[in-house]
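Structure first, then comments.
The values are calculated or read from the model by the stated rules, or taken from the named source; none is laboratory data. Computed from a prediction, not measured in an experiment: that's the story for all the values here. Counting neighbours? That spans all protein chains shown, and the Cβs are built from the backbone with ideal geometry, glycine included.
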Amino acid sequence: MGKLKVIKTGPMASLQDFGRFGYRRYGIPRSGAMDKEFMIAANKLVGNPNDYPVIEFALTGMELEVVEETMISVVGADLNVNGERNEIASKVSVGDIIKVSAPTLVYAYLGVGGRMKAQEDFGSVSTYTRARFGGLDGQALANGDQIETEGEPGKICQIPIPGRDQGDVIEIRIMKGPEWDLLKELPSLETFQVDGSSDRMGVRLTGAKLECDYQEIASSAVIPGNIQLPADGHPIILMNDCQITGGYPRIGKVVEEDMWKVAQVRAGGNVKLVLIDA
């Protein structure tokens, strides 16, 4: 058992696990952690199974108070307990004040020993705020929220943390999409910048424009990783909270292993789409 109280948080902190699968036919997005490797690491550090929920936070840090002693871990940000820099995994006691810095990249994860108590919808506690699924009443975390765990916590484990050194230009591997042949030029020749409006639904790429024999298609199924091309020529990479169907040409699909790269590119970062054979 353990309990934390949120003292201060940003607008993009929520509970996430691996997400929902098998429900897109009903209009329900997958959701889930944007960087699964970081989520798994946050769980392993406190001895949890890989699929336990974690706190995902983006762009800004968090401050929490320990209400019942537990173990915590932070991956992708710095951890400070009672004013002192701490190891990324620690046992914390009642009254301790936990501060985690803004993420080094975009998304970071806080793990807590034991399974977090949360609303489960369609096989997952991942928060999807547009339909109020999962998390704490389907909402992003807010000041004053309490996060409780149940079951026996594991133990602090030492594990390697996945590297995230992406360089000046992040190469994203893609495969051809159903409407690839509408393109007049190859995206692998262009460098794009990530737009500041990007979120859990989609990452918008600006800068270079792609030319194509543009035509709206009949509303067709889309999944996370699909690259849609609106009439303005600026691609959109669909992410975990994306819609189920869309009417823009689907020119490509990001390979699953590179989805964390897309999620973790800061606004203004440079992206190059590199075509590979399926």
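Evaluate the stretch 112-125: report whether one residue or more is over 21 Å from Q146 (Cβ atoms), touching a helix residue (DSSP H, G or I) at 6+ places or on another chain (Cβ under 9 Å) and not small (G, A, S).
Within the stretch 112-125, one or more residues are over 21 Å from Q146 (Cβ atoms), touching a helix residue (DSSP H, G or I) at 6+ places or on another chain (Cβ under 9 Å) and not small (G, A, S).
Looking at the stretch 88-117 only, could you name the residues that are over 30 Å from G196 (Cβ atoms) and of a type in the set (G, A, S)? Can you show your working first?
Of all residues in the stretch 88-117, those over 30 Å from G196 (Cβ atoms) come to 89-97, 112-117.
Within the stretch 88-117, A89, S90, S93, G95, G113, G114 meet the criteria.
In the stretch 126-165, what residues are more than 17 Å from the chain's Cα centre (by Cα) and among the hydrophobic types (A, V, I, L, M, F, W, C)?
A131, L136, A142, I147, I156, C157, I159
Name, by its number, the condition in (1) closer than 15 Å to P11 by Cα; (2) not in a loop (DSSP other than H, G, I, E, B); (3) not aromatic (F, W, Y) that does not hold for L141.
It fails just one condition, (2).
Would you confirm whether or not the stretch 189-201 contains a residue that is under 24 Å from the mean Cα position of the chain (by Cα) and of a type in the set (A, V, I, L, M)?
Yes: the stretch 189-201 contains one or more residues that are under 24 Å from the mean Cα position of the chain (by Cα) and of a type in the set (A, V, I, L, M).
Is at least one residue of the stretch 16-33 over 20 Å from V222 (Cβ atoms) and in a strand (DSSP E or B)?
Yes: the stretch 16-33 contains one or more residues that are over 20 Å from V222 (Cβ atoms) and in a strand (DSSP E or B).
Could you give every pair whose Cβ atoms fall below 9 Å, whose first residue belongs to the stretch 253-272 and is farther than 17 Å from L210 by Cβ and not assigned by TED's automatic domain parsing to the domain that holds M39, and whose second residue is among the aromatic types (F, W, Y) and buried (at least 20 other Cβ atoms within 10 Å of the Cβ), counting only separations of at least 6 or pairs across chains?
W260/F38; W260/Y107; A263/Y107; Q264/F38; Q264/Y107
If M62 satisfies every condition in (1) under 13 Å from the mean Cα position of the chain (by Cα); (2) closer than 20 Å to G135 by Cβ but one, which is the exception?
The single condition M62 does not satisfy is (1).
Would you be able to tell me the number of residues in the stretch 34-43 that are in contact with a Leu (Cβ under 7 Å, 6 or more places away or on another chain) and in a loop (DSSP other than H, G, I, E, B)?
Within the stretch 34-43, residues that are in contact with a Leu (Cβ under 7 Å, 6 or more places away or on another chain) and in a loop (DSSP other than H, G, I, E, B) number 0.
Please tell me if I55 is at pLDDT 95 or above and either more than 25 Å from E150 (Cα to Cα) or over 16 Å from the mean Cα position of the chain (by Cα) (or both).
Answer is no for this residue.
For the stretch 265-278, what are the residues that are part of a strand (DSSP E or B), of a type outside the set (V, I, T) and surrounded by fewer than 22 Cβ atoms within 10 Å (Cβ to Cβ)?
N270, K272, L275
So which of S219, S188, S197 ends up being outside the structural domain of A131 (by TED's automatic domain parsing), more than 29 Å from I28 (Cβ to Cβ) and hydroxyl-bearing (S, T, Y)?
Criteria check complete, one pass: S188.
Can you pull out every residue in the stretch 38-60 that is under 21 Å from G138 (Cα atoms) and out of contact with any helix residue (DSSP H, G or I) (no Cβ under 7 Å at 6 or more places or on another chain)?
Within the stretch 38-60, M39, D51, P53, I55, E56, F57, A58, L59, T60 meet the criteria.
Give the residue that is farthest from Y109 (Cα to Cα), with candidates limited to residues of the stretch 20-37 that are surrounded by 19 or more Cβ atoms within 10 Å (Cβ to Cβ) and in contact with a helix residue (DSSP H, G or I) (Cβ under 9 Å, 6 or more places away or on another chain).
R30
Are there any strands (runs of 3 or more DSSP E) wholly within the stretch 155-264 with 3 or more residues that are crowded, with 16+ Cβ neighbours inside 10 Å and among the hydrophobic types (A, V, I, L, M, F, W, C), and if so which? Spell out how you get there, then give the answer.
Working: elements: 169-176, 191-194, 202-207, 226-228, 236-238, 250-254.
Because the criterion is at least 3 residues that are crowded, with 16+ Cβ neighbours inside 10 Å and among the hydrophobic types (A, V, I, L, M, F, W, C), the strands (runs of 3 or more DSSP E) in the stretch 155-264 that meet it are 169-176, 236-238.
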